[in-house]
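Note sheet for the following structure.
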Amino acid sequence: MATRVTGTAKRGGAKAPPRADAHPAGLTRAQLLDLYYWMRLTRTLEERLVALYRQTKVVGGLFRSLGQEADAVGSAFALRREDVLSPLIRNLGSMLVKGATPVEILRQYMAKGDSPTRGRELNIHFGDTERGFIGQISPLGDMVPVMAGVTLTFKMRGEARVGLVYVGDGATSTGAFHEGINFAAVQRCPLVVVIENNGYAYSTPTHKQTLAKQFIDKAIGYGIPGEQADGNDVIATYEVTKRAVDRARAGEGVSIVELMTYRRKGHAEHDNQSYVPSGEIDKWARENDPIDRYIARLRSELGFGEGELTEIDARVRREVDEATEVAEQSPAPEPLDALVGVYAEPPREEPLWFRRGKRAAVETNERAEGWGTFSSSNGSTKAGQVAREND
Amino acid sequence: MAEVTYLEAIREALIEEMERDTNVFCLGEDIGAYGGAFKATEGLLDRFGEQRVIDTPISEVGIVGAAAGAAHMGMRPVVEMQFIDFIANAYDMLTNYVATARYRAMLPCPMVVRGPSGGYVRGGPFHSQNPEAGFIHTPGLKVVYPATAEDAKGLLKAAIRDDDCVLFFEHKYLYRRIKATMPSGDHVTPIGKARLAREGRDLSIITYAATVWKALEAAEQLEREDGLSVEVVDLRSLSPLDDDAIMSTTRKTNRVLIVHEDTRTGGIAGEITARINESCFEWLDAPVLRVTAHDVPLPYAPPLEDFVLPQTSDIVTAARTLAAY
């Protein structure tokens with residue numbers, strides 16, 4: 001998609017390199033570098049998580065956003081500090097932009113007691129209303145109605161705040177998606193619904209998800225605008241989302257934004273992607289990597305020096321190293337904390353009679369070899385077959 | 001002060017809470033201009049405007065989810081299910097999202113989902129249900145089901161003020177049949193406390209909602225005809241259950257009959273029986289018995305519905321069996 005060059009952000013007296021005055025999308029030089037930083041941080045942090053996963057330090061499944069960093073970062077970058085977003089499993093980048101920190105992400109994946117959810121939830125399923133992101137749940141589409149309610153509140157209170165909710169191509173098939181978007185549209189809630197069309201929902205390709213030619217066609221049915229953009233072009237992603245955010249803030253209600261991208265890794269790390277036509281992943285990696293594309297643009301068209309980017313790479317590595325060191329030191333949760341905070345009142349549940357006076361249920365929390373693999377026919381176990389059924 | 005019906009008591013609670021706290025608002029299907037299928041919200045639109053009395057599309061998932069989102073932002077939404085039967089549509093949103101929000105994400109979800117429930121009204125399979133057991137089973141939700149007009153008002157006010165999600169079941173058979181003079185002042189009934197509806201010595205009936213009145217009828221008949229002194233405990237709150245009240249009546253009469261309009265298998269009577277068994281086994285002079293609906297969908301025709309649901313005569317029969325054990 002052709003990106004518009006909008007405006008010439010003048011920067012007070014600074015001696016800018018020759019072509020750097022013409023910034024795309026009205027973004028400053030510093031903001032253009034920020035976009036690179038967030039994408040690089042997303043990728044490097046996920047690469048670190050892969051290493052930790054292979055060391056079995058990640059307790060559950062690992063979900064990658066490889067190849068989708070631009071759509072996550074660019075769309076979240078269109079929000080203000082006071083706005084609220086609800087991420088999906090491949091929106092690590094969006095959460096980082098909105099203030100989540102690498103150490104929080106690492107603690108979450110490693111099920112630490114001082115992780116944002118104190119070990120109750122997995123991966124990037126967490127939120128913080130102060131920083132403006134609301135943790136998702138696994139049933140897909142459910143966050144659309146929830147964000148309709150969040151933004152309904154903005155409207156009721158006359159606050160100039162906007163909400164953004166991510167759904168994948170798969171979630172568009174749910175009833176919750178439909179009910180939420182329709183309710184928000186009727187109420188003219190300041191909500192942006194970003195559909196990240198990455199080609200697959202787990203193993204199911206988009207053409208088995210819908211007969212619609214494109215997801216923005218659904219906008220017509222809700223009486224709202226829909227716009228599509230190249231999700232692997234971070235600036236295009238920013239611009240299209242910004243337009244929808246501006247409409248929402250101006251009181252013009254809900255928009256659908258469809259970002260065309262591609263999921264280069266499986267649903268989770270265990271997924272061998274056997275269902276993907278051969279060559280498809282390589283082609284996207286070779287020709288349409290969002291970070292490679294952005295580097296090329298920053299260097300050639302926007303006049304950034306190589307050193308500016310490698311400096312960011314080094315900063316990101318340092319930050320991820322430091323975060324890893326801190327997160328690995330974090331303690332496991334105290335078992336009795338499992339009974340705290342189901343309700344405001346009562347604040348904790350009582351241990352059941354057979355567990356009274358005990359601090360832990362078992363000596364070690366290692367998952368037994370062959371756990372869940374007992375065969376009903378001969379009582380033997382099929383060892384090694386299950387490893388990560390929670391993925 | 002004049003008597004008000006169970007339905008009017010619900011409306012009074014809504015009005016008082018909306019006046020007390022501007023964060024309280026109502027949303028549901030046909031609740032605005034029409035005033036709701038049973039007129040529970042009649043007059044609210046004129047009084048509070050369409051910002052706070054929101055007519056919604058037919059979207060149980062959408063409106064329960066939207067209530068949750070608004071609750072996260074500090075609002076106190078009250079959702080009306082046009083009939084509580086339709087709460088099944090929002091089961092995922094309530095059990096997966098709302099019930100877990102505080103625990104998994106430290107996100108408070110102070111909201112109420114209320115709606116007309118229960119049978120004895122010839123409503124057929126989709127306008128008569130008692131789906132409370134499915135939600136009692138879900139940690140993170142609270143469930144109340146008042147039998148009296150006073151409790152309808154007091155519990156709804158408590159539910160709106162509670163910092164977690166409360167499912168408020170209203171029995172539609174009682175809407176216009178039950179009246180009371182409301183206690184004066186800010187009348188709030190605490191969640192989690194049962195009510196002693198009738199004192200007795202010989203046996204206890206533990207029940208809630210419409211069958212409280214059937215149990216009271218049965219108790220009178222048993223006293224008149226058998227000389228039996230029957231205690232009736234109205235649970236009012238189903239989650240949390242008032243274990244103290246259940247155990248204290250068990251220790252007092254040593255014979256317990258549990259009555260509910262919900263179907264038998266997986267109904268809350270089984271849970272109460274198990275708790276009595278665990279805590280008060282040595283106090284029992286007889287097995288705990290149940291009178292419940294039969295395990296079938298609720299049929300429409302009067303002879304069918306009456307056969308499926310527990311009747312006063314069933315309670316009398318069961319109580320006599322228990323007393324003679």
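Read the figures in this text as sums done on the coordinates, not as results from a lab. Computed from a predicted structure; not experimentally measured. Cβ sites come from the backbone with ideal geometry, for glycine too, and all protein chains shown count toward neighbours.
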Response to the item:
Among GluC sites (Glu not before Pro) in segment A:29-101, those in a DSSP loop whose Cβ has at most 11 other Cβ atoms within 10 Å are A:Glu82
Response to the item:
Per the C-alpha gyration tensor (a ≥ b ≥ c, the square roots of its eigenvalues), segment A:126-179 is rounded if a/c is under 1.5, else prolate if a/b beats b/c, else oblate; here it's oblate
Discussion item. If you take every DSSP beta bridge fully contained in the protein assembly as shown, what fraction is antiparallel? Give it as a percent rounded to 5.
Written reply: 20
Worksheet item: If you take the C-alpha gyration tensor of the protein assembly as shown, multiply each eigenvalue by 5 and take the square root, what semi-axes do you get, largest first, in whole Å?
Response: 54, 30, 21
Item to complete: Using the 2.2 N^0.38 Å rule of thumb for compact globular proteins, work out how segment B:242-308 stacks up: its C-alpha Rg over that value, please.
Response: 1.30
Worksheet item: By the scheme Lys and Arg +1, Asp and Glu -1, what is the net charge of all other residues having a beta-carbon under 11 Å from that of B:Tyr175?
Response: +4
Practice prompt. Give the range of the longest stretch in chain A that excludes all trypsin sites (Lys or Arg not before Pro) found in loop regions by DSSP and having at most 12 other beta-carbon atoms within 10 Å.
Written response: A:214-355
Response to the item:
Taking Cα atoms only, helix A:234-249 is inclined relative to the longest principal axis of chain A by an angle, in degrees rounded to 10, of 90
Discussion item. Let me make sure I get this right: for segment B:93-196, a, b and c are the square roots of the gyration tensor eigenvalues over alpha carbons, sorted descending. Under 1.5 in a/c it's rounded, otherwise prolate if a/b > b/c, else oblate. Which is it?
Written reply: oblate
Worksheet item: In Å, the Kirkwood hydrodynamic radius of segment A:121-210 over pairs of distinct alpha carbons?
Response: 13.8
Item to complete: Over all alpha-carbon pairs in segment B:200-266, figure out the percentage whose distance exceeds 18 Å.
Response: 36
Discussion item. To test your reading of the geometry: what angle, between 0 and 90 degrees and rounded to tens, separates the Cα axis of helix B:149-161 from the longest principal axis of chain B?
Written reply: 50
Item to complete: Give the Rg/Rh ratio for chain A, taking Rg as the radius of gyration of the Cα atoms and Rh as the Kirkwood radius, to two decimals.
Response: 0.99
Item to complete: Find me the longest stretch of chain A that has none of the exposed chymotrypsin sites (Phe, Trp or Tyr not before Pro), where exposed means in a DSSP loop (not H, G, I, E or B) with at most 14 other Cβ atoms within 10 Å.
Response: A:1-201
Response to the item:
Total charge of the residues flanking A:Glu179 in space, meaning their Cβ is under 13 Å from its Cβ, with Lys and Arg +1 and Asp and Glu -1, is -4
Item to complete: Please figure out what share of the DSSP beta bridges in chain A is antiparallel and state it in percent, rounded to the nearest 5.
Response: 20
Discussion item. Once you order the gyration tensor axes a ≥ b ≥ c over the Cα atoms, which shape class does segment A:158-215 get: rounded for a/c under 1.5, otherwise prolate or oblate by comparing a/b with b/c?
Written reply: prolate
Item to complete: For segment B:1-39, state which chymotrypsin sites (Phe, Trp or Tyr not before Pro) are in a DSSP loop and have at most 13 other beta carbons lying within 10 Å of their beta carbon.
Response: B:Tyr34
Worksheet entry | At q = 0.11, 0.12, 0.15 Å⁻¹, base-10 log of I(q)/I(0) for chain B (Debye sum, equal scatterers on each alpha carbon) | -0.67, -0.80, -1.21
Worksheet entry | Surface/4 of the Cα convex hull for segment B:11-168, nm² | 8.5
